[in-house]
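Some notes on the structure that comes next.
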Amino acid sequence: MLDEGRTRVLPDPPEAGGPDLGFDRSVHMDHYGTRLPFCCVGAKGIVQRFVELGGPHAGRSLDVLDASGGYASACLGAGSPVIAGALRRAIEDSGYVTDEIASLERGRVLARLFGPGGLWSDRFPAGDYHVSGRNSGSEGMELALRLVLESRFDRRRLRAAEGREDRNVILAFEGAWHGWTGALLPLINRRHYRAGLPTLAAEPYGITVEHIPFGEIEAAREYFAGNGHRLLAVFIEPVQGDAGILTPPPGYLREMARLCRDGGALLVADEILTFAKTGGFFGMTDDEGPIPTDVTVLGKSLGMGVLTTSMVVARRDLTVRETGAVATSDLRPITCAVMGAGIGHIHAEGLLERSREVGGHLGTLLRREVVERFPDLYREARGLGVMHGVELTESAARDVPAFREHMIRNGVYVEFMAGAGRRSHGLRYVFPTMRVAPPLIVTAPEAESIVERIAAGSEAIREEAR
Ligand SMILES: Cc1ncc(COP(=O)(O)O)c(C=O)c1O
């Protein structure tokens, strides 16, 4: 159990059910089926102060190291003065025009990222790409899907575009995760999330989604050889997140880009999770440099932990019919100010370069101090940058809720991914996986403490199982 940094911030609980925090927690819909008995009462950097809400230790506070980063949305941790300053200035000065009117903040940030000499202009030169903003990752993916679907549609004749009639298949990957909204459900290949829900009308321009295993070059080549002519698009996560932080072998992503280009299919990269987490801004990168995509969706950390936003970067010839993609939240001045300040700070401070180093150290420690020491609980650790996964063993995977609580009680907040589960082509089952993905600002000593605390939590789980 964690001893240091623990202070009582709440009075003793009035009854065994937990301290009276002055609110009814059940008003917030329960999305997990088991609520963690903790409340966050404040945070600074990567330290979060949690209070236990029930049980024998109700009311006790714990300072917990954050290896979740708010589901990977807070790359600068909590309370960044850079972001606080940008937000304050934007609220005071920038206004709130929507996409109908150009804004100085939007113009500036887009020029800085995509304009000549811009930070991302090697990958997405403004002459070839245009961008749109959405509220969330899921909405960004919905827009990506719309762009793909409309690419097959002749707006003048109101029917399939010539030569695209037979392209009615989208290829996704086993274990894929792209969001919860209706049109994305077929992409995620989890039957139990879809069963019983009405499907979207398949006519007159129906689309089918097919899945192949991720990271298997031969399976992809074989698929394209037989089906390339039917393919409209491929949706890919450069590192599969919910599948258990599965990293593809070297060359795989570039080969996918080549197969798409040669086969006339659009390549959509879901970089919502990977944005600024793989040691660079983009996961679609290899030793040769940027891997070309037709559409890229960024999210989570793009909002720097204070705003929820996403950005869709698409080739200019990919569009949605007039007014068909207007959104109240499209790159508002405040969003642009926060995004621009955060990205500028990450770049100027070399946080990505540092995250490669600290992340490498974190990965080594997870293998040595967690997987090797607890083979009964963990099967393997993998990842890159500051995004790592530690896969549970089959027996440990039966009680994920126990892991969630024990880790917090031992001073570290981690998340658990579903794992890719059953896969085709004779590939092994992938079990639920602990995601260890601290904010970019994590230091080497903090990474070491994260691993020590995970090891202490693992001891406690073992102890309980005895
Ligand atoms: C790879 C990926 N795509 C899409 C999403 C959906 O993003 P949001 O939760 O912002 O809608 C997520 C969220 O976890 C994700 O990890």
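The values are calculated or read from the model by the stated rules, or taken from the named source; none is laboratory data. Only a predicted model underlies this, so the values are computations on that prediction, with no experimental measurement involved. Neighbour counts are summed over all protein chains in view; Cβ atoms, including those assigned to glycine, are modelled from backbone coordinates with ideal geometry.
Inside region 135-151, can you point out the residues that are assigned to a helix (DSSP H, G or I) and away from the ligand (no atom under 15 Å from the Cβ)?
Scanning region 135-151 gives Arg146, Leu147, Val148, Leu149, Glu150.
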- Message: hydroxyl-bearing (Ser, Thr, Tyr), under 22 Å from Thr323 (Cα atoms) and touching a Ser or Thr at 6+ places or on another chain (Cβ under 9 Å): is that true of Ser136 in this structure?
- Response: yes
- So how many residues does region 361-407 have that are farther than 22 Å from Ile441 by Cα and of a type outside the set (Asp, Glu)? 21
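Might you check whether a residue that is under 18 Å from Thr247 (Cβ atoms), at pLDDT 95 or above and surrounded by fewer than 23 Cβ atoms within 10 Å (Cβ to Cβ) occurs anywhere in region 371-379? Walk me through it before giving the result.
The initial filter retains those residues of region 371-379 that are under 18 Å from Thr247 (Cβ atoms), namely 371, 378-379.
Adding the requirement that they be at pLDDT 95 or above leaves 371, 378-379.
Adding the requirement that they be surrounded by fewer than 23 Cβ atoms within 10 Å (Cβ to Cβ) leaves 371, 379.
The answer is yes; a qualifying residue exists.
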- The lone condition Ser132 fails out of (1) of a type in the set (S, T, N, Q); (2) more than 30 Å from His388 (Cβ to Cβ); (3) touching a residue at least 60 places away in the same chain (Cβ under 8 Å); (4) more than 16 Å from the ligand (Cβ to nearest atom) is (4)
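Scan region 70-85 for residues that are under 16 Å from Ser310 (Cβ atoms) and assigned to a helix (DSSP H, G or I) and report the count.
Kept after step one, since they are under 16 Å from Ser310 (Cβ atoms), are these residues of region 70-85: 70-75.
Next cut, assigned to a helix (DSSP H, G or I) only: 70-72.
The qualifying residues number 3.
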- What is the residue count in region 87-109 for residues that are free of Cβ contacts under 8 Å to residues at least 40 places away in the same chain and not in a loop (DSSP other than H, G, I, E, B)? 4
- Note on the structure: Considering region 14-37, residues that are surrounded by 12 or more Cβ atoms within 10 Å (Cβ to Cβ) and within 16 Å of Gly59 (Cα to Cα), and then whichever is modelled with the lowest pLDDT, we arrive at Gly18
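Go through region 173-187 and give me each residue that's over 16 Å from Thr247 (Cα atoms), in contact with a strand residue (DSSP E or B) (Cβ under 8 Å, 6 or more places away or on another chain) and more than 11 Å from the ligand (Cβ to nearest atom). Outline the logic, then answer.
From region 173-187, those over 16 Å from Thr247 (Cα atoms) are 178-187; that's our starting set.
Okay, now just the ones that are also in contact with a strand residue (DSSP E or B) (Cβ under 8 Å, 6 or more places away or on another chain), so 178, 186-187.
If the condition is that a residue be over 16 Å from Thr247 (Cα atoms), in contact with a strand residue (DSSP E or B) (Cβ under 8 Å, 6 or more places away or on another chain) and more than 11 Å from the ligand (Cβ to nearest atom), then Pro186 is the only one that fits.
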- Condition set of a type in the set (A, V, I, L, M) and not in a strand (DSSP E or B), scope region 35-69, selection nearest to the ligand (Cβ to nearest atom): answer is Ala67
- Message: Are there strands (runs of 3 or more DSSP E) fully within region 250-355 with at least 1 residues that are crowded, with 17+ Cβ neighbours inside 10 Å and either acidic (Asp, Glu) or more than 16 Å from the ligand (Cβ to nearest atom) (or both)? List them.
- Response: 266-271, 310-315
- State all residues of region 419-447 that are surrounded by fewer than 18 Cβ atoms within 10 Å (Cβ to Cβ) and at negative phi; if no residue qualifies, say none. Arg422, Ser424, Leu427, Arg428, Tyr429, Thr443, Ala444, Pro445
- Could you list, in sequence order, the residues of region 152-166 that are touching a residue at least 12 places away in the same chain (Cβ under 8 Å) and either of a type in the set (Gly, Ala, Ser) or within 16 Å of the ligand (Cβ to nearest atom) (or both)? Ala160
- Query: So is Phe50 aromatic (Phe, Trp, Tyr) and either in contact with a Lys or Arg (Cβ under 6 Å, 6 or more places away or on another chain) or modelled with pLDDT of 85 or more (or both) or not?
  - Reply: yes
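Given the options Ala243, Ala233, name the one that is of a type in the set (A, V, I, L, M, F, W, C), within 13 Å of the ligand (Cβ to nearest atom) and not in a helix (DSSP H, G or I). If you could, list the steps in order and put the result at the bottom.
Details: Ala233 fails: within 13 Å of the ligand (Cβ to nearest atom).
On inspection, the qualifying residue turns out to be Ala243.
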- Query: Only one residue in Val400, Val371, Val358 is β-branched (Val, Ile, Thr) and in contact with a helix residue (DSSP H, G or I) (Cβ under 9 Å, 6 or more places away or on another chain). Which one?
  - Reply: Val358
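Taking Ala220, is it part of a helix (DSSP H, G or I), under 12 Å from Leu171 (Cα atoms), of a type in the set (A, V, I, L, M) and away from the ligand (no atom under 16 Å from the Cβ)?
Working: part of a helix (DSSP H, G or I): yes; under 12 Å from Leu171 (Cα atoms): yes; of a type in the set (A, V, I, L, M): yes; away from the ligand (no atom under 16 Å from the Cβ): yes.
So Ala220 fits the description; yes.
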